[in-house]
Every structure is written in C-alpha cells, then in structure tokens.
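In what follows, a single structure is set out as structure tokens and then discussed.
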Amino acid sequence: MQTIIEIKNLRKIYKDNKVALDDVNLNIFKGEIIALLGPNGAGKTTLISNICGISSITSGDIKVNGFDVVDNYREARKCIGIVPQELSFEPFEKVINTVNFSRQLFGKKPDEKYIENLLKKLSLWDKKDQIIRSLSGGMKRRVLIAKALSHEPDVLFLDEPTAGVDVELRKDMWNTIKNLQNSGVTIILTTHYIEEAELMANRIAVINNGKILLIDKKDNLIDRMSKKTLIIHTNSKINKIDKALGKFKLRISKDKKNLEYDYSPNKKKTGITTLLNEIKKTGIELIDVQTKQSNLEQIFVEILKND
Amino acid sequence: MINFRSIKAIYIFEMSRTFRTLIQSLVSPILSTVLYFIVFGTAIGNNINFTNEIPYGAFIVPGLVILTISMQSVNNASFGIFFPKFLGTTYEILSAPISYVEIVIGYVGASATKSFCLGLLILMTSTFFVDLDIKFPILMLCMLLLSCVSFSLLGFIIGIVSDNFEQINFVPMIIITPLVFLGGSFYTIDVLPDFWQTITLFNPIFYLVSGFRYSFFGTGEVNIIISIFSISLFILLCIIIIWRIFKTGYKIKT
Ligand SMILES: Nc1ncnc2c1ncn2[C@@H]1O[C@H](COP(=O)(O)OP(=O)(O)OP(=O)(O)O)[C@@H](O)[C@H]1O
Ligand SMILES: [Mg+2]
C-alpha cells in the first residue's frame, strides 16, 4: 500500500507547556478511511492542525505525498482539504462565492463545471445563492466540506463530521464520505463514536493523552471483538495446566480457580466439547461454566483504562 | 514563485466585502470631510492665515485627506484580518499553500486600495469648497499611495495583535487621531511654543502631512526627501514586525 501521509516522532507542546501530542508515529495509506478515535482532549484536532499548518510543530516530521509540511508547505498543502471541528464561515457570504474563493485560494483555476458537480453531489446546488448564515447546521457543515473539496485534494480531514448532527443526516454524511472514498480521496476522520469508526473506517487509531495507543485494521479489531471467552469455574486451586490440555492455550485466572479459553463462535468447531472432555479426564471438578464477549467498546475502555 | 491566484482570491474577497457595504463605507468619511470644510475651512478659516499665498481652506486639504485615510486604512486592514480570527476562518488561510508575504499582499493590498479610492474621493469633494491647484500630481498620488500602504500595514498588525473589538478601536482612537491632529494637519508648527515644536518632530505623521502638502503646494515644513525617507522607514518597521509575527506564529498559530 502506498503511504500518503507519514508522521514521525511528532510532538506538540502548547505555549502553556501542555503536551498535546507525545511522540506520534503514523502512516496513512492512499485511498483509505482512517478514524482517529479518542475522548475529549486526546489530541485529535491538534494532530490534524499540525499536519495542515494551522498549528506549529514542536518537533518531528510530517510528509504529505512525500513533501515535508514545513520545508515544502506549498506542495504539501495543495494535496490537503480540511473541514474543521467548529462551524467557521463568513456568515454573509453566498455559498457559491465562498466555495469559489477556497478553490482560488489554493491556487486552482476557476472551474464552474467542477464546482457545480461538487455542490450537486453535496445537495447544495439549489442553495448556492443563499448566504451561509441562513442554512441549517448540517448544510453549513456541507458547505465546509464543499470548500475543503473545492481544490480537488487527495486527502480530506474531517474533524468530527457528525458532531451535533441528527440520525438521518448522520447516515447521509456517512454515505457522502463513502462516496468520496470511492472517488479516490483519502479520508482522515475523528470521532467519539465507536459505531461511526466501525462503520466508516478501514483502519482505526485509538488516541489518548497525545499518544496513539493502538492502530489496526477494523476487521482485525472486529475479529478481536467477536472473540468469546469460556470461563470454567473449578473447585480446586489450579497452579499448573495439565500437559494434556496444552493444545487449548488456556489461561489461569488471577484467583487460580478458573480456566479461561478463547474461541471464535463463528467457526464450525469451537473446540468446546473436546476441551470439556479432556478436562473431565484430568479429574478436575467443574462448578460452573460461563461465556464472555468483548466488543470494540470494551477494547476501547480497556485500552484507555490501562493508559 | 509568487502565487498570484491566491493573492487575487484574498484581494477580491476583501474588496467584495466592501462593495456589500459601499454606501456606509463612503458616506461617513465624506460627510465628516464636508463638516471639517464648513467648520474649519469656511467658518473659522477665513480669519486664519498661516502662509500668505495659500488660503486656509486649501491648506487643510492634505491634512484632512491624511486624517481620513489613516483612520480608514487602519480600520480596513485591522478588521480585514481580525474578522477571520474572530469567526475562526483563519484555518483556511493558514492551511492554504500560500506564504505569509502573499497573505499580507492580499489583505493590505485590498485595504490600501479602498482607502486610496476614498482619498481621491475626498480630494474631489474638497474641490467643491476650495480651488485646488496640485503642483506635483504624480508625487501627490505616490504620497497618497504610500500613506495608504503604511497605515494598512499598521492596521494589519493591530488586527493580528488584538484579542477583541475594543482593542481594535483603541489604537486608532488613542494614538492615531492625536498624532494626526498634533502633526500639523490644521496648522503650521511654527505657531506652537518651542517645546511642542520639538515634540512634534518625533511625530511620524508630521513628516507625512508635510510631504503630502509639499506635493500640493510646493512648500512643506520639512524637506520632501526627509518626508519620503521617514514614511519608508515606517513601512519598513511595519514589515519587520509583521515578518516577526509570522515567523513566531504570534497570535495566529497555536
Ligand atoms: N491552543 C491551545 N493552547 C493550549 N492548549 C491547547 C490548545 N488547543 C488544545 N489544547 C490542549 O491540547 C489537548 C488536546 O486538544 P485537542 O483539541 O487536540 O483534543 P481533541 O482530541 O480534538 O478533543 P475533542 O474531542 O474535544 O475535540 C487538550 O488538553 C487541550 O486542552
Ligand atoms: Mg477536537
């Protein structure tokens, strides 16, 4: 896979000595949707601001399409569109004017056809002559997306695109984002919502306290999520697992009373019957069995707790 | 390589903001000019005579122009950059592939253009009240342009440094208006006591008014070269401050 953004040892310390990013390393691949998932104050917006030149980098390197964002900012920034977390716009400007402005600000020739298509795709065409202030919140966010896409960027940053948006519009937004990906744009979105990350992203990065705690393909995470654990309660203290049970990769619980077995419920053979038979042979007496399922939410909470 | 398209985008966007409020932005400065002419030029002016050749009404024209365009330039430029800061739209300017020089040219250029046009308009208005016979028209236009640029640069700095609307209004009210009034806009400094004459020599606007007046009448209180030199110095100073601001990201980048 081709890397489009390369972040190395990025640190950001704000003027008040607040460490917002602490040694972040991250590669973003061309054409993917990557979700930055993390609680308030995790450093998501700071990360985006550092990549886009809105906030200055304390140390480390960022390359976009191979161009350093500081030394070669012109080339790097041409590839980037950004939709900020806050709805910020010129209230009395017409939609069409502000979108045309953005395109030219990024050094592109005016292109009425492209802008028309863009606005149509975002259902903004019939609102093009309205002033932005008169639009609803969801429509305002679309205007910001149109501005960000006006110069045909390769990479789009969406900082909480669905914050404060109702269910209907959220689904709409998700569709829009998927369509953008299909048209070849690499998308980095931040979110607090796990389902959103799950639904939209190819990869998910969990970020907290300025550190990336985990980054993985969504499918791997879901695999992890769909794992179940069988907890076998016994009435004796277990110090060592019997050799005969070695192939099951069992774990002993902290109180030494339970055995834990991970399995995938989707598989035809879960191995539970054989395991229980083998346990019976070893003479261990069972009191109870119980199953436990972890989901992304739990993984997430677990990760944050351990941090 | 200069990115002209981006500069043009900022410039036109700023100019179109003016056109939305064209009437307001012209009426108030022109009205106050007319008032100055009625009060100073006609009512009081007939009893004043600083220079034997020049009627007082004509004498105050350069000062009046400077008074208006200095205020307007500072206002235009400071609001031009403060508004995006206030609205949060600077994210777009900062993330665009443009250098700070281009940002400054766009904003300051638009601001200076507006006040330059206003300056010309005031000159035209004044011809209704006095006979103006401009001795060095090209020099006059150059001086006018330099003044617009220098005050716009100053306004740009004020807009960036200010955190709220009060601060934006503060500097023009507290510093520029007094400097213009005390800079010989309405009198020649030889009517002042010695002490105040010396103080006036530290007022940059004194040199500006004097140079501007020279382009009208061929006489000024200081040599025209010194005037041009001091304006250039002032512009240079503003440019250095702006360069520092962008270099350190002060008040624009977090
Ligand atoms: N301009 C600033 N000056 C000082 N500290 C800042 C500044 N901006 C952000 N911070 C701090 O840096 C940390 C990361 O903030 P950031 O906005 O990147 O978080 P976030 O992950 O985007 O949060 P949210 O989900 O609430 O948007 C926070 O502790 C925040 O208080
Ligand atoms: Mg944020």
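Some points to look at:
One line per residue, one yes/no per condition, for (1) closer than 22 Å to B:LEU94 by Cα; (2) open to solvent by 10 Å² or more (accessible area, probe 1.4 Å):
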site: A:ARG11; (1), (2): yes, yes
site: A:ASN17; (1), (2): no, yes
site: A:ASP22; (1), (2): no, yes
site: A:ILE34; (1), (2): no, no
site: A:GLY38; (1), (2): no, no
site: A:THR45; (1), (2): yes, yes
site: A:SER49; (1), (2): yes, yes
site: A:SER55; (1), (2): yes, no
site: A:LYS63; (1), (2): yes, yes
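- Within region A:78-155, helices (runs of 4 or more DSSP H) holding 2 or more residues that are over 24 Å from A:ILE188 (Cα atoms): A:95-105, A:112-121
- Hey, B:GLU166 buried (at least 16 other Cβ atoms within 10 Å of the Cβ) and acidic (Asp, Glu) or not: no
- For region A:164-179, the count of residues that are assigned by TED's automatic domain parsing to the domain that holds A:LEU105 and within 16 Å of ligand 2 (Cβ to nearest atom) is at least one.
This table checks each residue for (1) open to solvent by less than 10 Å² (accessible area, probe 1.4 Å); (2) among the β-branched types (Val, Ile, Thr); (3) within 14 Å of chain A (Cβ to nearest Cβ).
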| residue | (1), (2), (3) |
| --- | --- |
| B:SER16 | no, no, yes |
| B:ARG20 | no, no, yes |
| B:PHE40 | no, no, no |
| B:ALA77 | yes, no, no |
| B:LEU87 | no, no, yes |
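- A search for C-beta distances below 8 Å between a residue of region A:53-81 that is farther than 17 Å from B:PHE246 by Cα and without any contact (Cβ under 8 Å) to a residue 24 or more places away in the chain and any residue that is within 16 Å of ligand 2 (Cβ to nearest atom) and assigned to a loop (DSSP other than H, G, I, E, B), counting only pairs 6+ apart in sequence or on different chains, returns nothing.
Listed here are the residues, each with its yes/no results for (1) more than 16 Å from ligand 1 (Cβ to nearest atom); (2) basic (Lys, Arg).
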{"position": "A:LYS128", "(1), (2)": "yes, yes"}
{"position": "A:THR176", "(1), (2)": "yes, no"}
{"position": "A:VAL185", "(1), (2)": "yes, no"}
{"position": "A:LEU189", "(1), (2)": "no, no"}
{"position": "A:ASN208", "(1), (2)": "no, no"}
{"position": "A:LYS217", "(1), (2)": "yes, yes"}
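- Leading residue by the ranking (modelled with the lowest pLDDT) among those in region A:103-123 that are away from chain B (no Cβ under 12 Å) and open to solvent by less than 10 Å² (accessible area, probe 1.4 Å): A:LEU122
- Hits in region A:66-80 (condition: open to solvent by less than 70 Å² (accessible area, probe 1.4 Å) and either within 7 Å of chain B (Cβ to nearest Cβ) or out of contact with any Phe, Trp or Tyr (no Cβ under 7 Å at 6 or more places or on another chain) (or both)): A:GLY66, A:PHE67, A:ASP68, A:VAL69, A:ASN72, A:TYR73, A:ARG74, A:ARG77, A:CYS79, A:ILE80
- Test result for A:ASP154, modelled with pLDDT of 90 or more and open to solvent by 50 Å² or more (accessible area, probe 1.4 Å): yes
- Verdict on B:PRO97 being surrounded by 19 or more Cβ atoms within 10 Å (Cβ to Cβ) and closer than 30 Å to A:ILE57 by Cβ: yes
- Tally of residues being away from every other protein chain (no Cβ under 14 Å), away from ligand 2 (no atom under 16 Å from the Cβ) and assigned to a loop (DSSP other than H, G, I, E, B) across region A:11-46: 3
- Candidate set from region B:189-226 (those that are small (Gly, Ala, Ser) and without any contact (Cβ under 8 Å) to a residue 60 or more places away in the chain); member that is farthest from B:LEU145 (Cα to Cα): B:GLY220
- Those strands (runs of 3 or more DSSP E) lying entirely in region A:159-241 with at least 2 residues free of Cβ contacts under 8 Å to residues at least 60 places away in the same chain and open to solvent by less than 70 Å² (accessible area, probe 1.4 Å): A:228-234
- Residue match in region A:129-142 (condition: facing chain B (nearest Cβ under 10 Å) and surrounded by fewer than 16 Cβ atoms within 10 Å (Cβ to Cβ)): no
The values are calculated or read from the model by the stated rules, or taken from the named source; none is laboratory data. Only a predicted model underlies this, so the values are computations on that prediction, with no experimental measurement involved. Glycine also receives a Cβ, built like all others from the backbone with ideal geometry; neighbour counts cover every protein chain displayed. Areas reflect the complete protein model, heavy atoms only, side chains present, ligands, DNA and RNA absent. Shrake-Rupley method; radii C 1.70, N 1.55, O 1.52, S 1.80 Å.
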